[in-house]
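Notes follow once the structure below has been shown.
The values are calculated or read from the model by the stated rules, or taken from the named source; none is laboratory data. Fair warning: this is a prediction, and the values are worked out from it, not measured in the lab. Cβ coordinates were reconstructed from backbone atoms using ideal geometry, including for glycine residues, and neighbour counts include every protein chain displayed.
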Amino acid sequence: MTIETAEAAAVSLEDVSVSFGSHRVVRDVTLDLARNRVTALVGPSGCGKTTILRAINRLHDDTGGKVTGRVTVGDLDVYGRDTQPELVRSRVGMVFQRPNPFPTMSIFDNVVAGLRLNGVRNKALLHEAAEAALHHAALWDLVKDRLQTPAVRLSGGQQQRLCIARALAIEPEVLLMDEPCSSLDPIATAKIEELITRLSSDVTIGLVTHNMFQATRVSHYTAFFLLGEDRATGELIEYGRTVDLFDTPRDPRTKAYVSGEVG
């Protein structure tokens with residue numbers, strides 16, 4: 001399923017399957033993420049959404065997952081013979097379900113952790129990058145006078161925005177977000193959604209969410225996943241503009257899910 005507009009793809013997946021041992025978790029996914037747009041991945045638990053998201057960033061390398069098919073980020077073959085995972089992760093950031101700031105580090109050190117890992121040592125550059133990332137994450141005004149305080153003193157919503165700032169500090173082309181609001185209250189969720197909308201003008205965003213209302217509020221495109229006939233392997237059922245997928249879905253299974261007839 002390719003993008004049904006003239007918009008360029010920042011990420012392309014062709015016939016991607018992911019297996020753990022003998023269990024194929026998700027199969028034959030062909031999907032594009034449009035550049036500088038938000039693509040939501042929706043569907044019931046266990047149907048492969050997060051698995052596909054993590055495949056883009058090579059996060060299965062460390063967990064024994066086998067990825068087949070082709071994944072490209074721009075002109076980079078993510079699973080190419082000579083492609084290093086560190087190169088992929090310098091172009092693709094990741095934000096997880098629960099805020100995960102490094103607990104022993106300050107706010108500042110959390111933001112610049114990725115840059116330091118990539119060898120940046122110049123203090124002026126680190127401070128400039130931290131300020132820019134915190135501005136992008138709508139957090140600068142809240143923390144500019146306490147950058148050296150422990151990150152864990154921030155509220156849950158602020159910690160999640162800090163994790164977004166940490167991902168943005170390396171200036172990625174793509175930002176993957178795995179249910180970033182699942183552990184947040186409605187006020188913090190609204191701030192993250194506002195941030196997602198604003199960031200998408202500069203960064204391509206892939207968003208896993210179980211919240212159908214969230215998908216309609218923040219995404220331009222939506223991909224719907226469901227378990228196949230074997231009830232064990234996830235499949236991409238339908239993909240298109242969010243407004244079309246929710247208002248006039250082509251597949252009756254999509255209609256049943258987005259209308260709440262099945263969960």
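So the values come out like this:
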item: Residue that is surrounded by the fewest Cβ atoms within 10 Å (Cβ to Cβ) [pool: residues in region 173-191 that are farther than 22 Å from residue 46 by Cβ and under 13 Å from the mean Cα position of the chain (by Cα)]; result: 173
item: Some residue of region 3-15 being within 26 Å of residue 250 (Cα to Cα), surrounded by fewer than 21 Cβ atoms within 10 Å (Cβ to Cβ) and touching a Lys or Arg at 6+ places or on another chain (Cβ under 6 Å); result: yes
item: Residue count, region 19-59 (criterion: aliphatic (A, V, I, L, M) and more than 14 Å from the chain's Cα centre (by Cα)); result: 4
item: From 80, 93, 114, 74, residue being in contact with a strand residue (DSSP E or B) (Cβ under 6 Å, 6 or more places away or on another chain) and not aliphatic (A, V, I, L, M); result: 93
item: Region 143-196, residues that are among the hydrophobic types (A, V, I, L, M, F, W, C), closer than 28 Å to residue 125 by Cα and assigned to a helix (DSSP H, G or I); result: 143, 151, 152, 162, 163, 164, 165, 167, 168, 192, 195, 196
item: When residues of region 1-19 are limited to those that are at pLDDT 95 or above and of a type outside the set (A, V, I, L, M), the one farthest from residue 173 (Cα to Cα); result: 19
item: Near pairs, Cβ below 6 angstrom, 6+ apart or cross-chain, from region 64-90 (among the basic types (Lys, Arg)) to any residue that is outside any loop (DSSP other than H, G, I, E, B) and crowded, with 17+ Cβ neighbours inside 10 Å; result: 66/19
item: In region 66-120, residue surrounded by the fewest Cβ atoms within 10 Å (Cβ to Cβ) [restricted to those that are charged (D, E, K, R) and within 18 Å of residue 178 (Cβ to Cβ)]; result: 98
item: Residues located in region 228-252, provided they are crowded, with 16+ Cβ neighbours inside 10 Å and either modelled with pLDDT under 95 or part of a loop (DSSP other than H, G, I, E, B) (or both); result: 228, 233, 249
item: Some residue of region 122-142 being loosely packed, with under 14 Cβ neighbours inside 10 Å, at pLDDT 95 or above and outside any helix (DSSP H, G or I); result: yes
item: Condition met for residue 111 (touching a helix residue (DSSP H, G or I) at 6+ places or on another chain (Cβ under 6 Å) and farther than 27 Å from residue 184 by Cβ); result: no
item: Filter pass, residue 154 being more than 16 Å from residue 101 (Cβ to Cβ) and buried (at least 17 other Cβ atoms within 10 Å of the Cβ); result: no
item: Any hit, region 77-97, residues being modelled with pLDDT of 95 or more, outside any loop (DSSP other than H, G, I, E, B), more than 19 Å from the chain's Cα centre (by Cα) and not hydrophobic (A, V, I, L, M, F, W, C); result: no
